[in-house]
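**Student:** Got a structure for you, questions after.
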Amino acid sequence: MSELDALLSDALRAARPVLFGSVEINLPGHDLLLLDGSAELMVDGRKFVGRDPAYGVLDSIKGLSDSMDDQAPMLTIGLIAANTTALATLIDPAVQGSPTKVSMGCVDMATGLSVGTPYLLFSGELDVPTVSWNDHDRRLEYKAISIVDRLFTVEEGRRLSNAFHQYVWPGELGCAFVTNVETWVPWGQKLNTASVETRTNLPGYGNITTART
């Protein structure tokens, strides 16, 4: 997804690099910055934490891989919500579509900071949440889809009509006064493209003659 930073590349060549994974979810009104462990780490001037006091912790990241053909990259992000309020917020419909990034980086043990710029593994948005319950556990799994998934959107239902035109552009009256739109289909006959058709059914405009070529 991104070019490997030179400093990070050098750090990964070390004998024992200390790696970390991070997830950034830009919720409405709050940036959820989580690490894959119980720690705190400054990354590009922002603090990523193992536990967000309001929302909880990162549980898992599944399905991180490349895709081919007509499939967009997709993965599953598992979260353990801090409480019932946090869970209700995370499954609110307004959260769907929140920008999401998954990155991998390296820690400088001497400074306790991230080395260079983390490598971006996935960039997309939250899609569908699923809550799993048992006697002593409650987990939330969120499907996250790549932003390229929008390229596969099928524009079914689009039509040339005033109602649909104003549905897309409210108040735009470009199709409001288009009338008598019709298609002439000579059923069972050979179409004579050299013929002349006289149209007399346009009120206010008189007879209009159009030549077919």
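What follows is calculated from the coordinates using simple rules that are stated; it is not laboratory data. The shown structure was predicted, so the numbers you read here are calculated from the model rather than taken from an experiment. Cβ atoms come from the backbone with ideal geometry, glycine included; neighbour counts cover every protein chain shown.
**Student:** At 0.36 nm per residue, and after removing the present C-alpha to C-alpha distance, how many nm does the segment from Ile91 to Arg13 gain when stretched out fully?
**Tutor:** On the way: separation 78, 0.36 × 78 = 28.08 nm, distance 4.07 nm.
Roughly 24.0 nm would be gained on extension.
**Student:** Multiplying the sequence separation of Ile147 and Asp59 by 0.36 nm and subtracting their Cα-Cα distance, what value in nm do you get? Spell out each step's value before the answer.
**Tutor:** On the way: separation 88, 0.36 × 88 = 31.68 nm, distance 2.30 nm.
Residue separation times 0.36 nm, minus the Cα-Cα distance, leaves 29.4 nm.
**Student:** A further question follows. Using Cβ contacts closer than 10 Å as the measure, can you line up Phe122, Phe20, Phe48, Phe164 from fewest to most?
**Tutor:** So the residues, fewest neighbours to most, are Phe164, Phe20, Phe122, Phe48.
**Student:** What is the spin-label model distance, in nm, from Asp31 to Ala6 if the labels are put 7 Å beyond Cα along the C-beta direction?
**Tutor:** Placing both labels 7 Å along Cα→Cβ, they lie 2.6 nm apart.
**Student:** May I ask you to derive the FRET efficiency for Met104 and Ser38 from their Cβ-Cβ distance with R0 = 22 Å, giving the value to the nearest 0.05? Write out the running numbers ahead of the final one.
**Tutor:** On the way: r = 18 Å, r/R0 = 0.81.
Efficiency for this residue pair is about 0.75.
**Student:** How long are the three semi-axes of the equivalent ellipsoid of region 1-122, in whole Å, if each is the root of 5 times an eigenvalue of the C-alpha gyration tensor, listed from largest down? Working shown, then result.
**Tutor:** Working: eigenvalues 133, 76, 27 Å².
The answer is 26, 19, 12 Å, longest axis first.
**Student:** Per 0.36 nm of contour for each residue apart, how much would the distance between Trp169 and Thr76 grow if the chain were fully extended, relative to their Cα-Cα spacing?
**Tutor:** On the way: separation 93, 0.36 × 93 = 33.48 nm, distance 3.52 nm.
Going from the current span to full extension adds 30.0 nm.
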